[in-house]
There are 4 protein chains.
Amino acid sequence: MGIILGDHQYGKAENRIVRIVRDTPRHEIRDVNVSSCLRGRFDEAHLTGDQGAVLPTDTQKQTSYAFAKTVGLASLERYAYALATHFVDDVEPVDQARVELEEFAWERVSVGGEEHDFSWVRKGQEVRTVAVTYDAEGTWITGGLKDLVVLKSSGSEFHGFLKDEYTVLEPTSDRIMATSLVAKWRFGAVDVATFDFDAAYAAIKTALVETFAGFHSLALQQTLYEMGKAAIEAVPELVEVRLSAPNKHHFTYDLAPFGIENANEVFHADDRPYGLIQASVTTDDAPPAGPAWQQYSGLV
Amino acid sequence: MGIILGDHQYGKAENRIVRIVRDTPRHEIRDVNVSSCLRGRFDEAHLTGDQGAVLPTDTQKQTSYAFAKTVGLASLERYAYALATHFVDDVEPVDQARVELEEFAWERVSVGGEEHDFSWVRKGQEVRTVAVTYDAEGTWITGGLKDLVVLKSSGSEFHGFLKDEYTVLEPTSDRIMATSLVAKWRFGAVDVATFDFDAAYAAIKTALVETFAGFHSLALQQTLYEMGKAAIEAVPELVEVRLSAPNKHHFTYDLAPFGIENANEVFHADDRPYGLIQASVTTDDAPPAGPAWQQYSGLV
Amino acid sequence: MGIILGDHQYGKAENRIVRIVRDTPRHEIRDVNVSSCLRGRFDEAHLTGDQGAVLPTDTQKQTSYAFAKTVGLASLERYAYALATHFVDDVEPVDQARVELEEFAWERVSVGGEEHDFSWVRKGQEVRTVAVTYDAEGTWITGGLKDLVVLKSSGSEFHGFLKDEYTVLEPTSDRIMATSLVAKWRFGAVDVATFDFDAAYAAIKTALVETFAGFHSLALQQTLYEMGKAAIEAVPELVEVRLSAPNKHHFTYDLAPFGIENANEVFHADDRPYGLIQASVTTDDAPPAGPAWQQYSGLV
Amino acid sequence: MGIILGDHQYGKAENRIVRIVRDTPRHEIRDVNVSSCLRGRFDEAHLTGDQGAVLPTDTQKQTSYAFAKTVGLASLERYAYALATHFVDDVEPVDQARVELEEFAWERVSVGGEEHDFSWVRKGQEVRTVAVTYDAEGTWITGGLKDLVVLKSSGSEFHGFLKDEYTVLEPTSDRIMATSLVAKWRFGAVDVATFDFDAAYAAIKTALVETFAGFHSLALQQTLYEMGKAAIEAVPELVEVRLSAPNKHHFTYDLAPFGIENANEVFHADDRPYGLIQASVTTDDAPPAGPAWQQYSGLV
């Protein structure tokens, strides 16, 4: 038996870049967290310590900030693509690069009913995510969001489930359903240079949220499938949507000992444990995912 | 030398209560984190273990949930006041009670342009805070907010400061100013039963944010004072505003080594350390604060 | 084009179970966070809302707590295996189950030099992890640890790296190397019923830490490979070790403006960004990994 | 009614300083988080924006790192005292300075049974805290710890408590008692230059933990008082100890529906809500606390 090096990768994680466009009195802002990950022929760095094939993570950082100026962040996806292709095309030992972004959204402060030119308040709602992976075989682009907390106080049932000797749960035809949604979606063939990713993002978020709200749910599983389907229908360039939904339990609080009726009006929002449902919805002609879902931090 | 018991208090912290009003098809929601703290004659519990004067923290929890139904949460302040007065007036050894609330705001989902009756998305912006302290001497009500992240990309200077042998900072007449604001305000004499605290909250938040945005700043210190002043001017029932502002540093990134000009367009948003500025703004005839600022967790 | 359901799974995450063995005056404690994940024929739950094949996550919770008594937690791996096989063997629609554990370690309080029978202080160092995956094809067992923070103030170099036009980093032959290690390892053929997983854990942790300390490092990449190799050499039942190491940068602070020499004595421990290095070390005859690395939360 | 400036203060929070002593092959390490807070005549900065009296927070940062070299961190308290006195004595508008430290402890890696010269693993248990406040009236020194998680699986009762109409809790004579302790202590007259604060810290921690373990508890309140008393008895220079103890509830899990007996063997460790008990224990001749307890972040 011998011991050998397996998969490996490295990069610079969480560059906190804020880009202001100030060519006119009315500024624009993009606030992102950028991580770059290189995959390639770095075996010697591990096996002998020879760093001759290793572009330092510090260099990747400098490049991320430099591209924030030269490429700009008007489009998150085009910025990520520019970085990824640079690393692969210009740095010899790099075979594949993945650039991951988180975006923190801001909205303009309104002063006396007028939008302010250069003052913002952080929206604080969901975080938008982007990942672009590039190698000699092609380009894979995924989008997503996380920390989108939604709740409905009616229109959610759960009954008819499988029972065994450890089942004590009562079926219900009216409960609170709430989750902190994580969604990721994979684009099929799109022209990186021209596709309107921001419009797609808005349409997908709307489809997800409206379906969560409007669809009468027999289970969180069913709602997730409908949400994924609605997203693909809203943006035909999508070939897959993946959804992760912790079931944030809201338990009807027992007020009977105090002679108080509680008709689903007072709930305890519990922390842990929580149900966790995950599902993928795809088109039936989706191309192979390749490295699209191989997250930077996913190797370990 | 003898050893004696000093100040002491106890209660139940972080009851995560969600209250749905569902008397009509259009539901309402309040989502709060409730902590109750009792101060009084509990010496024996500490000195001998005799719990005869100690109303269990579990009982305080039950009461918090019960009052969410019987009193309701339509007004956060009236709910807190009802709890506090109950503990002092109805539980003999209790001399003073403090009830603290955090509120997590939700906004209705819009489906096809129509507000949905019972589905919400968490706003995710600032957390509203309330504290009511009650004893035989009176009632003290404070409001507040936290986690309100604001940024302006112009209109902020910092120069003319004191220098010593450790000063290397360069003065600037144009920088990013950003903070994650914590604000607390103290009401003077208001009628708890009728005062419109929600309207006051909205007016104060507007005053704080508009002043942050609109006031040309020579320093964060100056901006804080103006914000506090604007809040008091907006809601004359206020007698004091306290503000805590971490200076979330955004450093202009040095791109000169790459021959790239960076005219305050690309910034690194740093984590630590950070400047931390705190100030109180009061009316010149403010009544004594009494226990208004004595937070539950503030004893230790 | 049609839209179809892809991969899906569900379960109960983060059951916070504490198990006390108190058959004698000297108690024992196990403190774990248990997540169970079921994979199988749950399509109807997604497609039509029919829950007939869905064992509720609440039932999985009850089972996790019940097994903490009946199976016990003396061995984390045997507990996880018992749960996983129960779900697959006893619940018809389940094809594969994965049980993941985190363990929080406690050490006995010493009172006057004597170990106390039933009082502990939480160690607070690394968190131990376990994952058991079971289906008709076999059993896959992985172990691991996370949050193990190590630092060496010498014996670490970094030079001879690749340079491009964005490279400004200076090479160094003496720097602080620090990381918050995440490690996972995969066992080959072991007898679940009898293998001493606790001894293996201790041996692997020792191998990782001693190698980090003792190996003179030309780069974090090299150190990681050596750590993985040492772990496999220490426990021959291992067939693969995966390591994730954020390079927690400690920058030598520039005190020259104050006429103070700083010969690698005063450092700023920076938060973000950070280098992130990940690598796998395997035996050259390792069996296929199958679902061993398919984490519960890894689908999305 | 006029509006005026009230209390105000500012400083630099969370300088993450790591100090290595490397004069011999066997290095030493101190890893701290330093915050400095200045109080004084800074009104103009707030009222007019004139920064002439404001020493920048950046300068405070530089000073903190410089003193880490010139004063050193061999004694946390003497380092904090040196910083605080420097700010007050050397910076004209400063009336009072407070320096707060958190220390993260490391232990040497053992390689083959030998302590390594320059490699450490972070202990990960409690965080030690220090605060030194200095002005023309004197010096106030407090120590403390936080995040010390302790648990006892027997020797803890809770009964005989006060009941009202919301009381449903059952009394118990055997329960798990667990907390994540925060403790702070105030020193009376000690010679900053020579007092052995490290020895005092060790003695206090031992007293707190041994009392938690060894004292048969009728309530967490009683245990806290005994812990504070034991600390003062162990270190006679103490004049006050303040303790904050969240009651981390461990609920006996109901396995009766499955015909399984659970004699306090399987517990659910709940997150929220939690009881929160706070108490001060003092000597009967303790001098006034002055600003000793006025934490940097405590104004708001």
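Restricted to the stretch A:1-45, and to residues there that are facing chain C (nearest Cβ under 8 Å) and among the acidic types (Asp, Glu), the residue that is farthest from A:Gly124 (Cα to Cα) is A:Asp7.
In this structure, is A:Glu28 modelled with pLDDT of 95 or more, acidic (Asp, Glu) and buried (at least 23 other Cβ atoms within 10 Å of the Cβ)? Talk me through it step by step, then tell me what you get.
Values: modelled with pLDDT of 95 or more: yes; acidic (Asp, Glu): yes; buried (at least 23 other Cβ atoms within 10 Å of the Cβ): no.
Judged against the criteria, A:Glu28 is not a match.
Can you pull out every residue in the stretch C:271-291 that is among the hydroxyl-bearing types (Ser, Thr, Tyr) and either over 16 Å from the mean Cα position of the chain (by Cα) or not assigned by TED's automatic domain parsing to the domain that holds C:Gln222 (or both)? Across the stretch C:271-291, the qualifying residues are C:Tyr274, C:Thr282, C:Thr283. Evaluated against (1) more than 16 Å from the chain's Cα centre (by Cα); (2) surrounded by 18 or more Cβ atoms within 10 Å (Cβ to Cβ), C:Gln294 falls short on exactly one condition, (1). Checked against (1) farther than 20 Å from C:Thr48 by Cβ; (2) touching a strand residue (DSSP E or B) at 6+ places or on another chain (Cβ under 9 Å); (3) in a helix (DSSP H, G or I), A:Phe251 passes all but condition (3). The residues of the stretch C:260-284 that are assigned to a loop (DSSP other than H, G, I, E, B), under 20 Å from C:Asp174 (Cβ atoms) and in contact with a strand residue (DSSP E or B) (Cβ under 7 Å, 6 or more places away or on another chain), listed by number, are C:Asn262, C:Asn264, C:Glu265, C:Asp270. When the stretch D:145-176 is filtered for residues that are more than 14 Å from chain C (Cβ to nearest Cβ) and touching a helix residue (DSSP H, G or I) at 6+ places or on another chain (Cβ under 9 Å), the ones remaining, listed by number, are D:Phe158, D:Phe161, D:Leu162, D:Lys163, D:Asp164, D:Glu165, D:Tyr166, D:Thr167, D:Val168, D:Leu169. All conditions but one from (1) over 22 Å from the mean Cα position of the chain (by Cα); (2) on the phi < 0 side of the Ramachandran plot apply to C:Trp106; the one that does not is (1). Before we move on, is B:Ala200 surrounded by fewer than 18 Cβ atoms within 10 Å (Cβ to Cβ) and either touching a residue at least 12 places away in the same chain (Cβ under 8 Å) or in contact with a Gly (Cβ under 9 Å, 6 or more places away or on another chain) (or both)? Spelling it out, it is not the case that B:Ala200 is surrounded by fewer than 18 Cβ atoms within 10 Å (Cβ to Cβ) and either touching a residue at least 12 places away in the same chain (Cβ under 8 Å) or in contact with a Gly (Cβ under 9 Å, 6 or more places away or on another chain) (or both). Here the condition is being facing another protein chain (nearest Cβ under 9 Å), surrounded by fewer than 24 Cβ atoms within 10 Å (Cβ to Cβ) and hydroxyl-bearing (Ser, Thr, Tyr); of B:Thr70, B:Thr129, B:Thr139, B:Thr85, it holds for B:Thr70 alone. Scanning the stretch D:250-269 for residues that are on the phi > 0 side of the Ramachandran plot and surrounded by 14 or more Cβ atoms within 10 Å (Cβ to Cβ) turns up just one, D:Asn264. Restricting A:Pro287, A:Pro257 to residues that are more than 8 Å from chain C (Cβ to nearest Cβ) and either in contact with a His (Cβ under 8 Å, 6 or more places away or on another chain) or assigned to a loop (DSSP other than H, G, I, E, B) (or both) narrows the list to A:Pro287. Taking the criterion of being in contact with a helix residue (DSSP H, G or I) (Cβ under 7 Å, 6 or more places away or on another chain) and without any contact (Cβ under 8 Å) to a residue 40 or more places away in the chain, the residues of the stretch D:236-257 that qualify are D:Tyr253, D:Leu255.
With respect to A:Thr172, is the statement that it is without any contact (Cβ under 8 Å) to a residue 40 or more places away in the chain, touching a strand residue (DSSP E or B) at 6+ places or on another chain (Cβ under 8 Å) and surrounded by fewer than 20 Cβ atoms within 10 Å (Cβ to Cβ) true? Judged against the criteria, A:Thr172 is a match.
Yes/no per residue for (1) away from chain D (no Cβ under 14 Å); (2) of a type outside the set (A, V, I, L, M); (3) farther than 19 Å from D:Leu299 by Cβ:
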residue	(1), (2), (3)
B:Glu261	yes, yes, yes
B:Pro273	no, yes, no
B:Gln294	no, yes, no
B:Leu299	no, no, no
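So for the stretch D:225-246 (the condition being facing another protein chain (nearest Cβ under 9 Å), more than 19 Å from the chain's Cα centre (by Cα), within 14 Å of D:Thr179 (Cβ to Cβ) and not in a loop (DSSP other than H, G, I, E, B)), does at least one residue qualify? For the stretch D:225-246, residues facing another protein chain (nearest Cβ under 9 Å), more than 19 Å from the chain's Cα centre (by Cα), within 14 Å of D:Thr179 (Cβ to Cβ) and not in a loop (DSSP other than H, G, I, E, B): absent.
Out of curiosity, is C:Ala105 within 14 Å of chain D (Cβ to nearest Cβ), within 30 Å of C:Gln60 (Cα to Cα) and small (Gly, Ala, Ser)?
Numbers: within 14 Å of chain D (Cβ to nearest Cβ): yes; within 30 Å of C:Gln60 (Cα to Cα): yes; small (Gly, Ala, Ser): yes.
Judged against the criteria, C:Ala105 is a match.
Here's the yes/no breakdown for (1) hydroxyl-bearing (Ser, Thr, Tyr); (2) in contact with a strand residue (DSSP E or B) (Cβ under 6 Å, 6 or more places away or on another chain):
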residue	(1), (2)
A:Gly112	no, no
A:Ala136	no, no
A:Trp140	no, yes
A:Asp147	no, yes
A:Val150	no, yes
A:Ser154	yes, yes
A:Lys163	no, no
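Within the stretch D:275-291, the set of residues being more than 15 Å from D:Ala178 (Cβ to Cβ), crowded, with 16+ Cβ neighbours inside 10 Å and either touching a Cys at 6+ places or on another chain (Cβ under 9 Å) or free of Cβ contacts under 8 Å to residues at least 24 places away in the same chain (or both) comprises just one member, D:Gln278. Inspect all residues belonging to the stretch B:33-43 and state whether any of them is in contact with a helix residue (DSSP H, G or I) (Cβ under 8 Å, 6 or more places away or on another chain), of a type outside the set (Gly, Ala, Ser) and surrounded by fewer than 23 Cβ atoms within 10 Å (Cβ to Cβ). Checked against the condition, which is being in contact with a helix residue (DSSP H, G or I) (Cβ under 8 Å, 6 or more places away or on another chain), of a type outside the set (Gly, Ala, Ser) and surrounded by fewer than 23 Cβ atoms within 10 Å (Cβ to Cβ), the stretch B:33-43 yields no hits at all. Right, A:Val54: buried (at least 20 other Cβ atoms within 10 Å of the Cβ), touching a Phe, Trp or Tyr at 6+ places or on another chain (Cβ under 7 Å) and at pLDDT 95 or above or not? Answer is yes for this residue.
State all residues of the stretch C:154-176 that are outside any loop (DSSP other than H, G, I, E, B) and either in the same structural domain as C:Thr129 (by TED's automatic domain parsing) or in contact with an Asp or Glu (Cβ under 9 Å, 6 or more places away or on another chain) (or both); if no residue qualifies, say none.
Step one: filter the stretch C:154-176 for residues outside any loop (DSSP other than H, G, I, E, B), giving C:156, C:158, C:172.
Correct list: C:Ser156, C:Thr172.
When D:Arg242, D:Arg272 are checked against the criterion of being crowded, with 22+ Cβ neighbours inside 10 Å and under 28 Å from B:Lys61 (Cα atoms), a single residue qualifies: D:Arg242. Filtered by the rule that a residue be among the β-branched types (Val, Ile, Thr), closer than 23 Å to C:Phe215 by Cα and touching a strand residue (DSSP E or B) at 6+ places or on another chain (Cβ under 8 Å), the stretch A:35-68 gives A:Val54, A:Thr57. Going through (1) closer than 21 Å to A:Ala200 by Cβ; (2) aromatic (Phe, Trp, Tyr); (3) touching a helix residue (DSSP H, G or I) at 6+ places or on another chain (Cβ under 6 Å) one by one, A:Tyr81 falls short only on (3).
Residues being surrounded by fewer than 22 Cβ atoms within 10 Å (Cβ to Cβ) and among the hydrophobic types (A, V, I, L, M, F, W, C): count how many of those fall in the stretch A:88-119.
Residues of the stretch A:88-119 that are surrounded by fewer than 22 Cβ atoms within 10 Å (Cβ to Cβ), as a first pass: A:88-93, A:95-96, A:102-108, A:110-118.
Subset that is among the hydrophobic types (A, V, I, L, M, F, W, C): A:88, A:91, A:104-106, A:111, A:118.
Residues meeting the conditions: 7.
The values are calculated or read from the model by the stated rules, or taken from the named source; none is laboratory data. On a predicted model such as this, the values are computed, not experimentally measured, just so you know. Reconstructed Cβ throughout: ideal geometry from the backbone, glycine too, with neighbour counts over all protein chains shown.
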